[in-house]
1. Scan the chain and hand back the longest stretch that contains none of the chymotrypsin sites (Phe, Trp or Tyr not before Pro) lying in DSSP loops with at most 11 other Cβ atoms within 10 Å.
2. Points 7 angstrom from Cα along the Cβ direction at Glu40 and Arg104: gap in nanometres?
3. Extension gain Ile18-Thr128, at 0.36 nm per residue separation less the Cα-Cα distance, in nm?
4. Would you mind computing, in nm to one decimal, how far apart the modelled labels at Lys114 and Phe8 are, each placed 7 Å from Cα along Cα→Cβ?
5. Run the numbers for Ile28 and Arg57: contour at 0.36 nm per residue of separation, minus the present Cα-Cα distance, in nm.
6. In segment 16-133, with Lys and Arg counted as +1 and Asp and Glu as -1 at Cβ, which of these residues, Gly34, Gly89, Ala99, has the Cα nearest the positive end of the dipole, that is, farthest along it?
7. Put +1 on the Cβ of every Lys and Arg and -1 on every Asp and Glu Cβ in segment 1-114; which of Pro50, Ile11, Phe73 then has its Cα farthest towards the positive end of the dipole?
8. Dipole size in debye (nearest 20) for the chain around its Cα centre, Lys and Arg Cβ +1, Asp and Glu Cβ -1?
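Coordinate-derived values only; no laboratory data. Bear in mind that the values here come from a model prediction, so they are computed numbers and not experimental data. No Cβ is skipped: glycine too gets one built from the backbone with ideal geometry, and neighbour counts run over all protein chains shown.
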Amino acid sequence: MAFQKWLFQCILDSSSLINIDRKKKMNILRKRRGEVLIPEKIAYEVADDPQIRSDDRLRKFVLKYREELVTPFLPGEEDEYLRIRSQTGIHDADAAAIAIALKRRLQLVIDDKKAKQKADKHGVKTITSDQFVGS
């Protein structure tokens, strides 16, 4: 089956990616990768950080499909990221995921409760990783 982008995409944050991996649902993520966008800051946390083991499943997945999955900021998104990042209680990668989801009007797959609350306050539609994989 050839790779194809789906009509409806969503942003995944690191908490959701880690939980999908921990629950051994990477096969579902692999099949649905046309729906998935991962901000560069999230890719760093789960794959590019030197502290991540080279044999880590999630790291291998992101590196293998980087061209299809990982997205940089588009015009206007970095300003939104900086605005969100300046708020208390939000981490860099979560702010990037929220900013991209907000500006592109995409759903955010997120399991971190504090970051989900921030996303909700910004009007970003969110679902959990369990909802994404259909568990």
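1. On the way: sites that count: Phe3, Trp6, Phe8.
The longest such stretch corresponds to 9-135.
2. Here the answer is 1.4 nm between the modelled labels.
3. Values: separation 110, 0.36 × 110 = 39.60 nm, distance 1.19 nm.
Additional length available on full extension: 38.4 nm.
4. Each label point lies 7 Å from its Cα, and together they span 3.1 nm.
5. Details: separation 29, 0.36 × 29 = 10.44 nm, distance 1.36 nm.
Length gained, Ile28 through Arg57: 9.1 nm.
6. Gly34
7. Ile11
8. Values: 27 positive and 21 negative charges, 117 e Å.
Using Cβ point charges on Lys, Arg, Asp and Glu, the chain gives about 560 debye.
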